[in-house]
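One structure below.
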Amino acid sequence: MSESLFGDAPARLVSVAVPVPALALLTYRVPEAWPMPAVGARVRAPLGPRTVTGIVMALSPPAPEGVALRALTELLDPEPFLPASVVSLAQWVAEYYLSGPGEALQAAMPPRGLTSQPAVFRTVRVVALTAQGHDVADQSEAGPRCVSDEDKGGMKLGARQREALLILRGAPQGLPAPALADRGVSSSVVSRLAALGLVSVRQEAVDRDPFAGTGVVLGGVTHDPARALTGEQTDGLATLTAQADIGGFQVTLLHGVTGSGKTEIYLRLAAHVRAQGRGVLLLVPEIALTPAVAALFRSRFGASVAIQHSGLSDGERHDQWHRIRQGQVDIVVGTRSAVFTPIRNLGLLIVDEEHDTSYKQEESPRYHGRDVAVMRGKIEGALVVLGSATPSMESYQNAKAGRYARVTLERRVLDRPLARVSVVDMKTEYAERGPDVVISRALAEALEARMARQEQALVLLNRRGYAAAVFCRQCGGSMDCPNCSVSLTVHTARQDWRARCHYCNYTRLVPKTCPTCAAPYMEHIGFGTERVEAELRQLLPEARLARIDRDSIRKKGSLTDLLGRFARRELDVLVGTQMIAKGHDFPEVTLVGVISADVGLGLADFRAAERTFQLLTQVAGRAGRGTQQGEAIIQTIYPDHYSIRLACVQEYAGFFDREIEFRTAMRYPPLVAMVNVLTRGPSLESALEAAGELARRVRAGAREGFVVLGPAVAPMTRLRGEYRVQFFLKGRHRGQMREALAAALATLPELARRVTVDVDPLSVL
Ligand code: ADP
Ligand code: ZN
């Protein structure tokens, strides 16, 4: 660094997050000729031999000692690209979940935000800023100084740039980017002119259909603002409205049984907050699975709502992001990543079905959308509403402890009764009819009755495929995945029997004879949705039937198509995995059947009972939402397990009390915080060694706030060819756990790629 003529003038430094996994914030020098960049602005910075685009996270950090600092090479945004609140949120995510700041930032960026120059998309309008009659070449000399010394030569306008300016001057209202492209002006020319401040690039308010191109059709879902609310809805809305009016950060759990009309409350609360000039964010688990909520918002708020879903192209998402950033959109409906959306003056965040596991991102940064939403509410001073019929243990515990307020809806709208639930003990059924029974007599009769009355039914089995495994009756060998510690699942397609791994997709034909001992006695064990579908086709030959699971909806649009046909009553029965249990509102469904309610209970996961209770309560909640009474029939071999018994009587509070006892006794969340640290390696020894060394260093730095358990071989010992070993941190002091772990990781940088840190893990398999 060169000596300053004026002695000890403070160095002009910034911290920058760059999109490289697990890399800490980097410090750069700001060239003398530049203004100081804003926090949230994008900059180009040298990194090794490359130049990368990063985000300014903080100004004037202390200069690291003994390092020659490099200078930024370009300032892409004179104004913050990301608002300060989103920068803080990303920073919190990086710290809380122990991811690199670059990964957290990337989660908060629009598509291509860190890979491109200020991008120009189809809906962009470009307007010349030069005063009439000024000479183009003169203007270029007077451009702003967002260019480093090295770049100064580049400020002279090239022929292309001059020509573009002349074209734009001839159109005082500006020109849309495609019209410019037609006249030979490329987007890089426009970007350059924009960077020099000679043109402004504005987003055109184009009202795209958010469902365009995805096949998401929402036949006839419209909102009726004149509908009278029920008493409970009125009271609940009044409480929430008052909370919104007080202003400031507040979290409220909206605990309403299935069919109690939570969506109506969301709509009215959103309208209220918006009328006060504040923005609204609604998070939903998966838009394609329950498009009706998004459609209702669309029908109520029209073009002022943006709907973010995975079917949008990068370009569409980019457009949408910029419209939101500029304040043209004040309501956003989206999945977990929408929690970073740059809505202005956010006043309300709603997390619908807050217990849903799809809010958790299972790749770095491993954040939980609900928890990030709560943090965002805190940063923005906004009301956060968490809605569910089956709240997560965490949220209910927070409500009980008084950290969250609570609004409860105990009854369905119009006093419709909850479904009557009965249990079939499959042990009795097997004893009487043999071990191959899939559909009990009670369920078969109930299905036949529904078909006779032309009502609809859902049949749930939360396991895909035809059979769970194949084994040889002679040698006892089963067909296992060569890469993962699981047996292969049998699938059937046309005449083929194929065995497939659900983790790595390894697939092979099921042989007629045993690959080990050549005996011709290959047998299926267990069954999945494909088998249920086959059984139902036999049982109900006349029924119009379809299956929904990850295998049946591979083709784009097929999920929407199936849900749409079921909603229009072109189908009588839907068979499927938990996908059919989500928040659907199909008024003509009067029967829900659950095959093997205990599928999830066999897993060595401390949340197994909670998941089972939620799934059963939610799926039973799909029955009887119209004028007819609903019924649910649950088949299980554990009719006395508390998660099943209490789901049958739909008693959330009873379940919570029972489950919290178990969590307390075993010291599991939400009583303590937990971090799962998993190491991977080409051999079990290498994974064990890495975990052992890391755990030893964490223990060495541990204080009293937590304990380290393990390492031990993970239940899923091999996955995609790698061996896995894990250890846990458990305790009441998240901060101490994070610090000790971060410090230990910093001493073993060579392990970075082989370690996965999961803070507040949802699954520990
Ligand atoms: P939840 O999300 O609580 O399960 P929904 O919001 O889907 O419930 O509402 C269940 C059904 O009740 C929907 O069909 C909805 O249109 C209807 N509904 C909601 N509020 C009212 C009301 N005040 N009067 C009549 N029907 C209502
Ligand atoms: Zn596999």
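The values are calculated or read from the model by the stated rules, or taken from the named source; none is laboratory data. The structure presented is a predicted model; accordingly, all values stated were derived computationally and were not measured. All Cβ positions, glycine included, derive from the backbone under ideal geometry; neighbour counts span all protein chains shown. Protein only, heavy atoms only, side chains kept; ligands, DNA and RNA dropped before computing areas. Shrake-Rupley method; radii C 1.70, N 1.55, O 1.52, S 1.80 Å.
Every residue, every condition in (1) open to solvent by 30 Å² or more (accessible area, probe 1.4 Å); (2) out of contact with any Gly (no Cβ under 9 Å at 6 or more places or on another chain); (3) over 30 Å from Gly261 (Cβ atoms); (4) within 16 Å of ligand 2 (Cβ to nearest atom), yes or no:
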residue	(1), (2), (3), (4)
Asn505	yes, yes, yes, yes
Ile525	yes, yes, yes, no
Leu539	yes, yes, yes, no
Ala546	no, no, no, no
Gly564	no, no, no, no
Met579	no, yes, no, no
Leu591	no, no, no, no
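Against the definition (loosely packed, with under 14 Cβ neighbours inside 10 Å, within 20 Å of the chain's Cα centre (by Cα) and not charged (D, E, K, R)), how does Pro49 come out, yes or no? Criteria not met by Pro49. Among the residues making up region 312-342, a single one is open to solvent by 10 Å² or more (accessible area, probe 1.4 Å) and either outside the structural domain of Arg274 (by TED's automatic domain parsing) or of a type in the set (A, V, I, L, M) (or both): Leu312. Taking the criterion of being without any contact (Cβ under 8 Å) to a residue 60 or more places away in the chain and more than 16 Å from ligand 1 (Cβ to nearest atom), the residues of region 242-273 that qualify are Ala242, Asp245, Ile246, His272.
Tallying residues that are open to solvent by less than 10 Å² (accessible area, probe 1.4 Å), in a strand (DSSP E or B) and more than 16 Å from ligand 2 (Cβ to nearest atom) within region 447-494 yields 7. Taken as a whole, the structure leaves Gly327 outside the set of residues that are modelled with pLDDT of 95 or more and of a type outside the set (Lys, Arg). Each residue in region 648-667 was checked for being buried (at least 18 other Cβ atoms within 10 Å of the Cβ) and at pLDDT 95 or above, and 5 of them qualify. So for region 27-34 (the condition being under 30 Å from Leu748 (Cβ atoms) and at pLDDT below 90), does at least one residue qualify? Looking for residues that are under 30 Å from Leu748 (Cβ atoms) and at pLDDT below 90, one finds none in region 27-34, hence no. The set of residues from region 35-46 being in contact with a Lys or Arg (Cβ under 9 Å, 6 or more places away or on another chain), open to solvent by 10 Å² or more (accessible area, probe 1.4 Å) and of a type in the set (A, V, I, L, M, F, W, C) comprises just one member, Met36. Only residues that are out of contact with any strand residue (DSSP E or B) (no Cβ under 6 Å at 6 or more places or on another chain), of a type in the set (Lys, Arg) and closer than 27 Å to Ser487 by Cβ were counted across region 519-570, and they come to 4.
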